[in-house]
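Before any comments, here is the structure.
The values are calculated or read from the model by the stated rules, or taken from the named source; none is laboratory data. If you're wondering where the values come from, they're calculated on a predicted model, not measured in any experiment. Ideal geometry is used to build each Cβ from the backbone, glycine not excepted, and the neighbour counts take in all protein chains shown. Side chains are part of the model used for accessible areas, which takes the heavy atoms of the whole protein and leaves out ligands, DNA and RNA. Shrake-Rupley method; radii C 1.70, N 1.55, O 1.52, S 1.80 Å.
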Amino acid sequence: MPDFSGMFTLQTPVLELIIRGAVVFLVLLVLVHVTGQRETGGLGLTDVLLVVLLAEAVTGGLVGDSHSVTDGIIGGATILVCSVAVDAAAFRFPRFAAVFKARPEKLIKDGWPDRRVMRRELMTHQELLSQLRLHGIQDPARVYLAYLEPNGMISVRTDTEVETEAPQHPPTQ
């Protein structure tokens, strides 16, 4: 018969679990932010980070490799609290958001790709053309604005969309 007596026994001090979870979350948040937006696909940076860290935090408690379920729950709860705290701070303090939250990057303006952004995101010209084709655009010159969004996707406004959105002037009498 297996021994389940230590399954819920705290094996690591609570404060240590909280500090470890918070430090790892913040360090990885900065590292993921530095690597660029394209690397996360359709998820936001904090979404990817949250999923990975939660999985790691509760693994010990689930498979029983020298950590108790309680250790995993405290670690997972700490990561969730850190995620909510970062989102709340970014909402309340724009300067904090500018550092820790990804912003849209202008990739194309008036048909001209921004090579600096492409270099920083390690995006080739062929990859950019491929993304434009997914939007039904063959010629980058038709693109009025294109942004690399925080979730890694590219949003595009063509020159025809800009023309159709021109303000209508009232008829003169």
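Tabulated values for the structure
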read-out	value
Accessible surface, 1.4 Å probe, highest first, among residues Phe8, Phe96	Phe8, Phe96
Net lengthening on full extension, Val52/Arg142 (0.36 nm per residue, minus Cα-Cα)	28.5 nm
Two-site FRET efficiency, Val23 against His125, from Cβ-Cβ distance with R₀ of 35 Å, rounded to 0.05	0.30
